[in-house]
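The values are calculated or read from the model by the stated rules, or taken from the named source; none is laboratory data. The structure presented is a predicted model; accordingly, all values stated were derived computationally and were not measured. Here the Cβ positions follow ideal geometry from the backbone for every residue, glycine too, while neighbour counts run over all protein chains shown. Note: areas computed on protein heavy atoms with side chains; ligands, DNA, RNA excluded. Shrake-Rupley method; radii C 1.70, N 1.55, O 1.52, S 1.80 Å.
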Amino acid sequence: MTNNQLDQLRHQLDDVNIRLLDMINQRGQLVKQIGDLKKGQGMKAFDPVREREMLDHIIEHHKGPFEYATIEHLFKEIFKAAKELQEDDHRKTLLVSRKKKPNDTVVDIGGIEVGNGNQQFVMGPCSVESHQQVDAVASVIKQKGIQLLRGGAFKPRTSPYDFQGLGMEGLKILRDVGDRHGLKVVSEIVNPRDIEPAHEYLDVIQIGARNMQNFELLKEAGKSNRPILLKRGLAATINEFMNAAEYIISQGNGQIILCERGIRTYETSTRNTLDITAVPVLKKETHLPVMVDVTHSTGRRDLLLPAAKAALAIGADGIMAEVHPDPATALSDSQQQMDIDTFNHFMDELQAFYKMDAKV
Ligand code: PEP
Ligand code: MN
């Protein structure tokens, strides 16, 4: 075969591809019209008998060279795609969905990017307890090149008798320490009314696991011009998590970082069960960056490092973990926060691991 012949055949093939494309889309339009008509008459979109009839009709006209089974398979896929067009497939149309926006969203925290391919770390104490305490943590995280400082001021605690956080005073401390060390600050807001006042202090507004479906809070966060770090609910499916993010983006704020922080399962050896594959699932389904909180997911200091390695290896855009100058005296989560030495070791190990990985 001459090159000329090959070119001609390839040309014909390109032509057929485009005709096939047109026909598939034409078919899609027809199916949509049928779907609308059926909806108007209160009929169900999917009709297996009709599908069988269509397949039989196609097979009757089939002359080869493909096997019957292949043709049946191909048409079933076409039917399936058209059915999805007919069905009110919410996930497909969600604004957070990758089907809506194929390229990655990069969240910009005053010049610090999350989701640009470089992993970010959000480190700091569980709760802001004092200026001195936050300052001690900030200086060590800064030394390790970390740019994002966390600290809870409004603490959602299981018991009403436990430390509830310093509130706005805590945000002020965080802001002040952040500014002193050139760190951007992240803290949880639990009340929709506090979102607006928090703008004065926070670079990132966190919505915690317990509030993932606090829809009024989500809507208010959606009106904010601050990036939102949204944590997965304790028992939320990925679909529910995505819909929570949808509440935020649908109000205009698309700067959202998703955070997997473990879910409730029957397993008791860890505080929660880290759903590590949620990371690639979320990255596939949505265009948003995904972080992993290794502290609240494992609840175990000895598991922070392996969990963080796993998170980075599986494609997380960042890691959150808690650090306290003296975890034994911490007012919350004293079991699981790292002390300074553990933190330094944690970062050294992770940086070595990550460099190794980067060479591949
Ligand atoms: C936190 O990050 O401070 C926190 C309370 O986490 P979560 O909402 O994931 O439990
Ligand atoms: Mn905590």
Pairing a residue in region 254-278 that is among the basic types (Lys, Arg) with any residue that is buried (at least 24 other Cβ atoms within 10 Å of the Cβ) and in a loop (DSSP other than H, G, I, E, B), where Cβ atoms lie under 6 Å and the two sit 6 or more apart in sequence or on different chains, gives 261/232
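Going by the structure shown, is residue 74 of a type outside the set (Ser, Thr, Tyr), within 30 Å of residue 320 (Cβ to Cβ) and either buried (at least 16 other Cβ atoms within 10 Å of the Cβ) or away from ligand 1 (no atom under 16 Å from the Cβ) (or both)? Explain how you work it out, then say what you get.
Values: of a type outside the set (Ser, Thr, Tyr): yes; within 30 Å of residue 320 (Cβ to Cβ): no; either buried (at least 16 other Cβ atoms within 10 Å of the Cβ) or away from ligand 1 (no atom under 16 Å from the Cβ) (or both): yes.
No, not satisfied.
Go through region 134-152 and report how many residues are in contact with a Pro (Cβ under 6 Å, 6 or more places away or on another chain) and more than 15 Å from ligand 1 (Cβ to nearest atom). Spell out the reasoning first.
Applying the first criterion (in contact with a Pro (Cβ under 6 Å, 6 or more places away or on another chain)) to region 134-152 yields 136-137, 151.
Keeping just the survivors that are more than 15 Å from ligand 1 (Cβ to nearest atom) gives 136.
The qualifying residues number 1.
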Restricting to region 245-254, count the residues that are open to solvent by less than 10 Å² (accessible area, probe 1.4 Å) and out of contact with any Gly (no Cβ under 7 Å at 6 or more places or on another chain).
1
Quick one: is residue 205 over 22 Å from residue 158 (Cβ atoms) and open to solvent by less than 10 Å² (accessible area, probe 1.4 Å)?
yes
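Please note which strands (runs of 3 or more DSSP E) are completely contained in region 99-194 and include at least 3 residues that are at pLDDT 95 or above and hydrophobic (A, V, I, L, M, F, W, C).
Values: elements: 107-109, 112-114, 120-124, 148-150, 184-188.
Of the strands (runs of 3 or more DSSP E) lying wholly inside region 99-194, those with at least 3 residues that are at pLDDT 95 or above and hydrophobic (A, V, I, L, M, F, W, C) span 120-124.
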Any idea how many residues of region 1-29 are open to solvent by 100 Å² or more (accessible area, probe 1.4 Å) and closer than 19 Å to residue 54 by Cβ?
3
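Scanning region 30-43 for residues that are hydrophobic (A, V, I, L, M, F, W, C) and assigned to a helix (DSSP H, G or I), which turns out most open to solvent (accessible area, probe 1.4 Å)?
Filtering region 30-43 down to residues hydrophobic (A, V, I, L, M, F, W, C) leaves 30-31, 34, 37, 43.
Checking the rest, the ones that are also assigned to a helix (DSSP H, G or I) come to 30-31, 34, 37.
Working: 30: 99, 31: 21, 34: 88, 37: 116 Å².
Applying the filter and picking the extreme gives 37.
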Screening 310, 321 for residues that are within 16 Å of ligand 2 (Cβ to nearest atom), among the small types (Gly, Ala, Ser) and either surrounded by fewer than 24 Cβ atoms within 10 Å (Cβ to Cβ) or under 20 Å from residue 139 (Cα atoms) (or both) leaves only 321
Give me the pairs: first residue in region 119-130 and free of Cβ contacts under 8 Å to residues at least 60 places away in the same chain, second residue open to solvent by less than 10 Å² (accessible area, probe 1.4 Å) and not in a loop (DSSP other than H, G, I, E, B), beta-carbon distance under 7 Å, and six or more apart or on different chains, which are they?
128/134; 128/152; 128/170; 128/174
Scan region 77-88 and give yes if some residue there is under 30 Å from residue 241 (Cα atoms) and either assigned by TED's automatic domain parsing to the domain that holds residue 283 or not in a helix (DSSP H, G or I) (or both), otherwise no.
yes
Please pick out the residue among 212, 242 that is among the hydrophobic types (A, V, I, L, M, F, W, C), more than 13 Å from ligand 1 (Cβ to nearest atom) and assigned by TED's automatic domain parsing to the domain that holds residue 140.
242
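Just one of 71, 58, 34 is in contact (Cβ under 8 Å) with a residue 40 or more places away in the chain, over 20 Å from residue 284 (Cα atoms) and either among the aliphatic types (A, V, I, L, M) or not assigned by TED's automatic domain parsing to the domain that holds residue 351 (or both); which is it? Can you show your working first?
Values: 71 fails: in contact (Cβ under 8 Å) with a residue 40 or more places away in the chain; 58 fails: in contact (Cβ under 8 Å) with a residue 40 or more places away in the chain.
Selected residue: 34, the only one of 71, 58, 34 that is in contact (Cβ under 8 Å) with a residue 40 or more places away in the chain, over 20 Å from residue 284 (Cα atoms) and either among the aliphatic types (A, V, I, L, M) or not assigned by TED's automatic domain parsing to the domain that holds residue 351 (or both).
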If only one of 238, 257 is open to solvent by less than 10 Å² (accessible area, probe 1.4 Å) and β-branched (Val, Ile, Thr), which one is it?
257
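Select from region 185-202 the residues that are charged (D, E, K, R) and either open to solvent by less than 30 Å² (accessible area, probe 1.4 Å) or away from ligand 1 (no atom under 16 Å from the Cβ) (or both) and write down the one among them that is nearest to the chain's Cα centre (by Cα). Reasoning before the result, please.
At the first step, the residues of region 185-202 found to be charged (D, E, K, R) are 188, 193-194, 196, 200.
Filter once more, keeping what is either open to solvent by less than 30 Å² (accessible area, probe 1.4 Å) or away from ligand 1 (no atom under 16 Å from the Cβ) (or both): 188, 193, 196, 200.
Working: 188: 17, 193: 25, 196: 24, 200: 26 Å.
Checking each candidate, the answer is 188.
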Identify the single condition in (1) in contact with a Gly (Cβ under 6 Å, 6 or more places away or on another chain); (2) within 14 Å of ligand 2 (Cβ to nearest atom); (3) open to solvent by 10 Å² or more (accessible area, probe 1.4 Å) that residue 280 does not satisfy, given that it satisfies every other one.
(2)
Cβ-Cβ under 8 Å pairs, at least 6 apart or on other chains, region 321-338 side among the β-branched types (Val, Ile, Thr), far side open to solvent by 50 Å² or more (accessible area, probe 1.4 Å)
323/339
When residues of region 324-352 are filtered for being open to solvent by 40 Å² or more (accessible area, probe 1.4 Å), polar (S, T, N, Q) and either within 14 Å of ligand 1 (Cβ to nearest atom) or in a strand (DSSP E or B) (or both), how many remain?
1
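Counting only residues that are within 16 Å of ligand 2 (Cβ to nearest atom) and among the aliphatic types (A, V, I, L, M), which one in region 283-307 is surrounded by the fewest Cβ atoms within 10 Å (Cβ to Cβ)?
Step one: filter region 283-307 for residues within 16 Å of ligand 2 (Cβ to nearest atom), giving 291-301, 303-304, 307.
In the following step, the residues that additionally are among the aliphatic types (A, V, I, L, M) were identified as 291-292, 294, 303-304, 307.
Values: 291: 27, 292: 29, 294: 30, 303: 19, 304: 24, 307: 23.
Ranking the qualifying residues of region 283-307, first place goes to 303.
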